[in-house]
Every structure is written in structure tokens, then in C-alpha cells.
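**Q** The following block contains the structure, expressed as C-alpha cells.
The values are calculated or read from the model by the stated rules, or taken from the named source; none is laboratory data. Since we're looking at a predicted model, the values are computed, not measured. Every residue, glycine as well, gets a Cβ built from its backbone with ideal geometry; the counts of neighbours run over all protein chains shown. The area values use the complete protein model at the heavy-atom level, side chains included, leaving out ligands, DNA and RNA. Shrake-Rupley method; radii C 1.70, N 1.55, O 1.52, S 1.80 Å.
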Amino acid sequence: MKIQLAALLMILPVVCNSATSTDGRNGKIIELTVQAGVDYRMSPTQLSAMYFLNSDNLLGFKVGSDRTIEERQTSVAVQYKHFLENSFYVSGEIFYLNTREDVNYFWESVFRKNGDYADYKSLGAGIRIGNQWTWKYFTLGCDWIGYGRRFGTFQKDTHKLNMNTYTLLNVIVGVSF
């Protein structure tokens, strides 16, 4: 792990030579990233491919999954990201979730040992805000916070389904060219 960190620190000055993130996004066509953090209902690892409409607007596709012993989540999303300033952005999305999750409310989960799990597929829409810095080829960012709402649920087997989804500290690392 120390060797990878040292290599990354040596490579960063080479790929990170633009003055601002806006400058770093100028002339780019494609952005490829890996993301990790709380997103939707769990903490999936996600891959994203974005197309630069211009230096302040990106349109893309994101897929991810997470699995524990009892729960799982697979997500697919179409995202639109708009930079308001140098690195600050607002992003909207339409998403599809295929999940198995504990549908108990927080206090029920604390006092009960056995979860009440539900399997379902759903569609929804969400919004998130964050910062993303782009240098010559390297990009690093974070969806600080986000909120989503399911508007269509299929194959659910519970009446307790929480229609809200959340994003918190979803880290973004990748390349743009």
C-alpha cells in the first residue's frame, strides 16, 4: 500500500499542471471514474463514464454494486453534472435499483435481532451536490450530499419500503481526456 501511495504522489505533479479545474476540463471529451461511498441505500463501488458537452456540463452513465451477507444493491444511473463554479457542481440523475434491504425503521432495527428484508426493483430520480477538481488528466472529487426519491417500484414484497435514497461522501477518482 505504501508503494502505491508513493507512486501516486510522484505521478500527481506530472498529470496535475493546470491552473484551475475549469482550465483542466477545457477541451476534454471523456471522463472515466471509480466512486465509493454511501449512495442510494448502501455503500457500493461504482464505475462511471461521462461525456463532456462543454467544460461545465457532463452527461454520463454510472453502474455499481454492493453486497453484504443479508443485503445487496445493484444500481444503474444516467447522470447530468453542471459545474456552477471552478469545482462546485450540482448533479441530477435518473436511477434504477435492484436491491434486497432491511426495511425496518432505525429503532426497530436496533431492538430486533432479525431483520425484515425486502427484495425489489425500482426507478427514481435524485440530486446531489459536490466538488470535483480536474487537472491535466487526473480528477478527484466528492458528492458531499444527495437525496433521491423512488417514483416507480416493481416486484416489491413489503409495505414498509422507504422511498427515499441518500448520498453521503461519495468519493470520485478518475481520469479525463
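**Q** Could you list, in sequence order, the residues of the range 135-150 that are over 18 Å from Ser75 (Cβ atoms), at pLDDT below 95 and open to solvent by less than 90 Å² (accessible area, probe 1.4 Å)?
**A** Across the range 135-150, the qualifying residues are Trp135, Lys136.
**Q** Now a separate question. Just for the range 84-121: of the residues that are of a type in the set (Val, Ile, Thr) and either outside any strand (DSSP E or B) or open to solvent by less than 60 Å² (accessible area, probe 1.4 Å) (or both), which one is modelled with the lowest pLDDT?
**A** Val110
**Q** Just give me the residues in the range 151-163 being assigned to a strand (DSSP E or B) and either open to solvent by 30 Å² or more (accessible area, probe 1.4 Å) or at pLDDT 90 or above (or both), in sequence order.
**A** Across the range 151-163, the qualifying residues are Phe151, Thr153, Phe154.
**Q** How many residues are surrounded by fewer than 15 Cβ atoms within 10 Å (Cβ to Cβ) and part of a strand (DSSP E or B) when one looks only at the range 66-75?
**A** The qualifying residues number 1.
**Q** List the pairs whose first member sits in the range 81-100 and is closer than 30 Å to Ile69 by Cα, whose second member is assigned to a strand (DSSP E or B) and of a type in the set (D, E, K, R), and whose Cβ atoms are under 6 Å apart, counting only residues at least 6 apart or on separate chains?
**A** Asn98/Lys121; Arg100/Arg72; Arg100/Asp119
**Q** Sticking with this structure for a sec: Out of the residues in the range 4-60 that are acidic (Asp, Glu) and open to solvent by 40 Å² or more (accessible area, probe 1.4 Å), which is modelled with the highest pLDDT?
**A** It comes out as Asp56.
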